[in-house]
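The values are calculated or read from the model by the stated rules, or taken from the named source; none is laboratory data. From a predicted model like this one, the values you see are computed outputs, not experimental measurements. Neighbour counts run over all protein chains shown; Cβ positions are idealised from the backbone, glycine included. Accessible surface is based on the protein model in full, side chains and every heavy atom, while ligands, DNA and RNA are left aside. Shrake-Rupley method; radii C 1.70, N 1.55, O 1.52, S 1.80 Å.
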Amino acid sequence: MFERTRTSLSLATVFACAFPATLLAAELDPVVVTATKTAQSIREVPAAVSVITREQIERSPASTVDQLLSGVPGLYAARMDASSPNRIAQTYTRGLPGNSRTLVLLDGIPMNVLYDGQVDWSQLSSQDVERVEVVRGASSGLHGANAMGGVINVLSRAPEPGVVTRVGAEYGSMDSKRLSASHSHNFGRTALRVSASHFTSDGYDMWRPDTTVPLANRDKIGTVKDNATLRLTHEIDTASFVEGGLSYMKDEATGFYKPGASGYQPSTREQWVPTLRYVRDDGGAQSSVTAYGRLGKQWADTLNPANYRTISEEGVYEDRTFGMSAQHSREILVGHRLTVGIDYIDGSIRNHFDYPGTTRQRDTQGDLSRYALFVQDEISLTGRWKLNLAGRYDRWKTGGNQTDTGVGQPNSAYRSQSDGMFSPKLATLFKLSDSVNLRASAGKAFNLPDMFNLYANTRRGATTYWANPNLTPERVKAYDAGVDVYFGRRGSVKATLYYNDAEDFIYSVQRNATNVDKINVGAVTTRGLELEAVYRPIVPLSLAASYTLNRSRIEENKRNTALEGKDLTNVPRQHASLRADYQFPAGATLFAALRYVGKRYGNDLNTTVYKAYTTGDIGGTYPISKSVSARLTVANVADKRYDGIGYIAPGRTVTAGIGASF
């Protein structure tokens with residue numbers, strides 16, 4: 001079947017590892033596709049890349065994709081627990097805060113929502129993820145908007161060989177329950193995989209002590225998450241295949257306030273993602289064409305803060321995105337590969353708000369169309385020296401308006417605007433020896449203002465929050481240099497220095513006591529050091545560590561010079577992780593992990609400080625039989641309560657589960 005052909009290798013979606021030595025080699029030297037859009041060994045890529053393999057996912061207690069990222073250097077994943085509602089999750093790369101400044105892909109498809117740049121991390125359960133590739137550093141030269149800090153590409157599981165069914169069940173703290181199932185079936189040249197999962201948790205009291213919500217009105221915040229996926233693949237011949245997929249997610253937040261109101265929905269989001277892809281690999285040339293959609297709808301109500309008993313606003317947020325991409329890669333000379341591609345996206349948002357007991361209605365609309373052309377030249381100058389030249393031109397058009405029938409509420413109608421941007425990148429890799437690589441890169445990247453910042457004026461109490469249709473794209477010049485040292489099949493150590501010089505950062509600025517504006521503030525820099533190491537002193541024991549030192553600072557803000565020299569909010573200056581995994585001869589496993597997050601600032605003036613914290617997790621699996629295994633994990637063993645982003649993290653949680661395959 002296609003999993004064993006060169007075509008599947010070119011996408012790097014399937015790893016069939018039968019022996020420990022092969023497994024270790026796959027973890028240390030995986031084939032990656034995200035950094036250059038071509039399949040090659042991670043040792044040959046002139047970029048800072050981390051890979052989370054399927055084997056690592058199976059050993060991890062994480063149930064959401066963003067939780068898998070906590071050990072990646074240069075990347076701060078701030079979700080506190082799987083019970084947290086999906087939209088609380090935040091992921092920052094190289095000190096650039098906000099989900100919108102890191103491009104997140106699902107099988108190469110953009111997942112940042114047009115409305116506010118957020119990411120629905122619950123689109124796939126961890127059981128449906130084959131691996132995750134993280135490319136750190138400006139990547140608009142190939143990937144376009146949002147890729148200021150880097151790219152996270154989540155690759156879903158392909159159908160397994162033969163006929164395989166997997167089921168699982170978990171129960172844990174906060175009355176958390178998870179059920180999951182998947183089935184793979186091969187029919188000659190055609191293969192199918194379907195899966196589903198359901199997770200529910202009562203959650204916990206996330207409220208910070210300084211919240212303005214009265215104690216009597218604070219409720220636990222929980223979640224209900226549902227996932228379903230379908231993937232169908234057909235091998236046309238030994239060099240090509242076509243595949244279609246469909247994934248569904250529903251993420252519901254529960255609780256928040258007491259006593260609440262009948263029919264109150266804090267937040268419920270549904271999203272469908274259909275895909276269709278054709279791939280051909282003729283050895284010297286590879287081609288692919290992808291078409292996709294992303295259809296999302298969210299319901300979010302607001303309670304009256306006077307009593308938290310009545311609904312003051314009912315909101316419905318709808319977003320749709322359709323896109324298409326195509327690329328062709330060919331070796332035009334020995335050691336010289338040229339890749340060209342096109343990318344097109346068309347999207348819109350439609351938000352509607354009702355105000356029970358009144359005739360007031362509010363509507364926000366926004367549209368975006370964007371097309372791009374990219375070119376990459378990969379050149380092997382010598383047997384040890386590689387050079388990558390990439391460039392992409394993006395052209396876009398946006399428009400939107402807002403109407404509000406409420407007395408004294410802001411209304412707006414904006415003319416369509418269009419603009420374009422060229423994003424170059426130069427990267428090089430030099431093999432000092434068979435075990436030591438030197439690499440460096442320089443490039444430009446950008447981030448388009450999201451629809452919320454462009455068109456969604458809103459008023460809360462006496463304060464009006466003004467959108468700004470004249471916002472310009474955020475831009476960054478990025479540089480990094482690193483060294484990778486490999487110790488045969490035992491491990492590796494990687495170190496990277498980086499510097500980002502960003503302009504036109506979008507910030508909220510207080511105009512006066514009753515008005516807040518969205519503006520481009522001037523200049524921001526981030527600089528830091530990333531360290532990453534993996535080592536296997538003996539075959540059963542695997543060690544992994546990462547460390548990040550970062551400084552994110554506002555260099556220029558003409559509207560408020562008091563902010564110049566201040567740190568960006570919620571970005572830790574240091575974070576680190578350490579993990580050990582041990583596999584017993586009979587198949588049982590144990591793991592222990594530590595995570596450290598340094599102090600962060602909770603406001604622009606850096607007067608609110610979130611203290612540093614360290615947490616520890618332990619867990620393991622035990623094979624009850626050849627096809628049945630049990631799992632136990634204890635997260636935050638020391639039962640610490642610490643600050644997340646806007647919420648307090650839970651204490652110790654315990655989860656037990658059982659899984660079977662047949």
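A full extension of the chain between ASN470 and ALA638 corresponds to an added length of 55.6 nm, given 0.36 nm per residue minus the alpha carbon distance. What is the sum of charges, Lys and Arg at +1 and Asp and Glu at -1, for the other residues whose Cβ falls under 12 Å from the Cβ of VAL134? The answer is -1. This structure gives Rg/Rh (Cα atoms, Kirkwood Rh), computed directly, and of (1) 1.03; (2) 1.00; (3) 0.95 that value is listed as (3). Whole angstrom only: what separates the Cα centroid of the range 534-588 from the Cα centroid of the range 218-237? The distance from the Cα centre of the range 534-588 to that of the range 218-237 comes to 28 Å. Using Cβ point charges alone (K and R +1, D and E -1), the dipole size of the range 572-662 about the Cα centre works out to roughly 100 debye.
For the range 128-195, the relative contact order works out to 26 percent when only alpha carbon pairs closer than 8 Å and six or more residues apart are counted. Other residues with beta-carbon under 12 Å from the beta-carbon of ASN401 carry, at +1 per Lys or Arg and -1 per Asp or Glu, a net charge of 0. These residues, PHE422, PHE256, PHE487, go from largest to smallest accessible area, 1.4 Å probe, as PHE422, PHE487, PHE256. Of the trypsin sites (Lys or Arg not before Pro) in the range 344-406, not one is in a loop by DSSP (not H, G, I, E or B) with at most 12 other beta carbons within 10 Å. Approximating the spin labels as points 7 Å out from Cα along Cα→Cβ, the ASP434-to-ASN304 distance works out to 7.7 nm. Assuming charge only on the beta carbon of Lys and Arg (+1) and of Asp and Glu (-1), the dipole of the range 173-219 about its Cα centre is about 460 debye to the nearest 20. Centroid-to-centroid, using Cα positions, the range 396-419 and the range 61-78 are 37 Å apart. This model, with +1 at the C-beta of Lys and Arg and -1 at the C-beta of Asp and Glu, gives the chain a dipole about its Cα centre of some 860 debye. Per residue, the solvent-accessible area of the range 442-485 (1.4 Å probe, heavy atoms of protein chains only, all protein chains present) comes to 39 Å². Tally Lys and Arg at +1 and Asp and Glu at -1 over the other residues with C-beta under 11 Å from the C-beta of ASN520: what net charge comes out? That sum, taken over residues with Cβ under 11 Å, equals -1. Sorting LEU529, LEU333, LEU448 by accessible area puts them as LEU333, LEU529, LEU448; the probe is 1.4 Å, largest comes first, and only protein heavy atoms count. Among the lysines of the range 523-662, pairs that are 8 or more positions apart or on different chains and have alpha carbons within less than 21 Å of each other number 6. Here the contact order of the chain, divided by its residue count and restricted to Cα pairs under 8 Å and six or more residues apart, works out to 11 percent. Within the same chain, aspartates and glutamates fewer than 8 places from LYS258 are excluded, and of the rest, those with a Cα less than 15 Å from its Cα are ASP202, ASP205, ASP219, ASP301.
Using a cutoff of 8 angstrom between alpha carbon atoms and counting only pairs six or more residues apart, the relative contact order for the range 451-561 works out to 23 percent. Accessible surface computed residue by residue for the range 280-323, with neighbouring protein chains in place and a 1.4 Å probe, gives 44 Å² per residue. The residues of the range 174-271 have, on average, 42 Å² of accessible surface per residue, using a 1.4 Å probe with all protein chains present. Rounded to a whole number, what % of the accessible area of the chain do carbon and sulfur atoms account for, probe 1.4 Å? C and S fraction of accessible area: 58 percent. The helix-based estimate of mean residue ellipticity at 222 nm for the chain, built from -39,500 (n - 2.57) per DSSP H run of four or more residues and divided by its residue count, is -1000 deg cm²/dmol to the nearest 500.
Along the axis of the charge dipole computed for the range 108-216 (Cβ charges of +1 for Lys and Arg, -1 for Asp and Glu, origin at the Cα centre), the listed residues SER156, TYR171, VAL134 are led at the positive end by SER156.
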